[in-house]
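Undergrad: Next up is a structure, given as structure tokens.
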Amino acid sequence: MALWTKLRTELDRAGRVAQGAFDEGRLRLEALRARQLADRAAQALGYAVYRAKVDGREIDADLYASLTATLASHEAEVASLEQKLGEKPETQRAG
């Protein structure tokens, strides 16, 4: 029986390590997607400012507010996901 108990314990440990690696990978993918969305929002903001300046005017305040709010939201999501990644216990990361 001791052999079966040891085998089960090792299989449980391996399962926890695999689940930790899967969770970390999912968080990394979510962070990548959020960074891509933030980059697109920053690009849209840059284009809007550029077009306004080329036309010799100021960017519309509502458009500016909307674009900066979108960018801030995506950056906050990235920061949150990176914080979660930083909080992962070393035993799960070492795998």
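Undergrad: Examine the stretch 27-34 for a residue that is free of Cβ contacts under 8 Å to residues at least 40 places away in the same chain, touching a Leu at 6+ places or on another chain (Cβ under 6 Å) and surrounded by 15 or more Cβ atoms within 10 Å (Cβ to Cβ), and state whether such a residue exists.
TA: No, the conditions are met nowhere in the stretch 27-34.
Undergrad: Continuing with this model, one more query. Please go through the stretch 1-20 and give me each residue that is in a helix (DSSP H, G or I) and of a type in the set (A, V, I, L, M, F, W, C), ordered by number.
TA: Selection gives Ala2, Leu3, Trp4, Leu7, Leu11, Ala14, Val17, Ala18.
Undergrad: Of everything in the stretch 50-65, what is surrounded by 15 or more Cβ atoms within 10 Å (Cβ to Cβ) and assigned to a helix (DSSP H, G or I)? Give them in sequence order.
TA: Ala52, Tyr64
FYI, it's all coordinate maths here, none of it is from the lab. Predicted, not measured: the structure shown is a model, and the values here were computed from it. For neighbour counting, all protein chains shown are included, and Cβ atoms are generated from backbone atoms with ideal geometry for every residue, glycine included.
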